[in-house]
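Asks: Structure incoming, see below.
The values are calculated or read from the model by the stated rules, or taken from the named source; none is laboratory data. Note that the structure is predicted; figures quoted are calculated from it, not measured. Quick reminder, even Gly has a Cβ in these numbers, built from the backbone with ideal geometry, and neighbours come from all protein chains shown. Please note that ligands, DNA and RNA were not included when accessible areas were found on the heavy atoms of the full protein model with its side chains. Shrake-Rupley method; radii C 1.70, N 1.55, O 1.52, S 1.80 Å.
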Amino acid sequence: MSNEDWYNIKSGYEYALEKTSRHTYLVYMPWLIDQIIESKFISFFATMSHINLIVHPTIDLNSKHHRIAIYPKASWFTLHYSYYDLKDIYRYDEYKVVLEDVENILWQLMERLDKWKVKNLLF
C-alpha cells in the first residue's frame, strides 16, 4: 500500500476526531498510523471499518488470510490477530493494551503477519 493510501486513512481518523467531543483512544489512531507508515510494514494494506483499523497482508481483502484489527476503546486498544484454524474455523487472539504497550504488541503481531505472508502468499 502506498504512503498516500495510509495518509488517506489517517485523514479519515482526523476527520472523525473533528466530529466527536469524547476523549477515547481514537485520538491516538493518527499517531499509530504514522508509526506504521515509518515502519517496514508500510507494504501491508489497511481498511477502516467504522473507527477500527484492519491491517491485511495483501490487497485481496476478502480472502481468508490472517489479519490484524485495531479497535480504539475508551482507555485502551484492543488488538485482534485473526485467522482460520485447520478446521477452517475463524479464530482470533485478543490483546487489550494501553498506549505505552501498543507499539510493542503491534510490532509483534505485524511480524507474525509478515511471517505468515511469506510462508503462505509469496512464491
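Asks: Once you place label points 7 Å from the Cα toward the Cβ at Tyr28 and Asn3, how far apart are they in nm?
Replies: The answer from the label model is 2.6 nm.
Asks: Which whole-Hz ³J(HN,Hα) couplings does segment 51-57 yield from phi under the Karplus relation 6.51 cos²θ - 1.76 cosθ + 1.60, θ = phi - 60°, glycine and proline marked x?
Replies: Karplus-based 3J(HN,Hα) across segment 51-57 equals 10, 9, 10, 10, 10, 10, x Hz.
Asks: Apply the Debye scattering formula to segment 38-78, with a single equal point scatterer on each alpha-carbon and no solvent, then give log10 I(q)/I(0) at q = 0.13, 0.14, 0.30 Å⁻¹.
Replies: Computed log10 I(q)/I(0) values: -0.30, -0.35, -1.07.
Asks: Using just the alpha carbons, could you tell me how many Å³ per residue the convex hull of the chain encloses?
Replies: Here the figure is 105 Å³ per residue.
Asks: Among Ile33, Ile89, Ile42, which one shows the biggest mean-square fluctuation in a GNM of the chain, springs joining Cα atoms closer than 10 Å?
Replies: Between Ile33, Ile89, Ile42, it is Ile89 that shows the largest mean-square fluctuation.
Asks: So what are the ³J(HN,Hα) numbers for segment 35-41, from phi and the Karplus equation (6.51, -1.76, 1.60; θ = phi - 60°), rounded to whole Hz, Gly and Pro as x?
Replies: 5, 5, 4, 7, 9, 6, 8
Asks: With axes computed from alpha carbons, what is the tilt in degrees of helix 3-18 against the longest principal axis of the chain, rounded to the nearest 10 within 0 to 90?
Replies: Result, in degrees: 40.
Asks: How big is the accessible area of Ser75 in square angstrom, nearest 10, if you roll a 1.4 angstrom probe over the protein chains?
Replies: For Ser75, the solvent-accessible surface is approximately 70 Å².
Asks: Here is a further query. Going by amide H atoms built from the backbone, whose H comes under 5 Å of the H on Phe45, apart from near neighbours?
Replies: For Phe45, the qualifying residues are His56, Thr58.
Asks: Roughly how many percent of the accessible protein surface of the chain is carbon and sulfur, given a 1.4 Å probe and a whole-percent answer?
Replies: Taking all protein chains in place, the chain shows 51 percent carbon and sulfur surface.
Asks: In nm, to one decimal, how far is the modelled label at Leu61 from the one at Ser21, with both set 7 Å along Cα→Cβ?
Replies: Modelled inter-label distance: 3.3 nm.
Asks: Give me the accessible area per residue for the chain, probe 1.4 Å, as a whole number in Å². All intermediate terms of the calculation are to be shown ahead of the outcome.
Replies: Values: 7320 Å² over 123 residues.
That works out to 60 Å² per residue.
Asks: Now for a different question. Among Lys87/Lys117; Lys40/Lys64; Lys10/Lys119; Lys19/Lys115, which pairs are too far apart, with a Cα-Cα distance over 28 Å?
Replies: Lys10/Lys119; Lys19/Lys115
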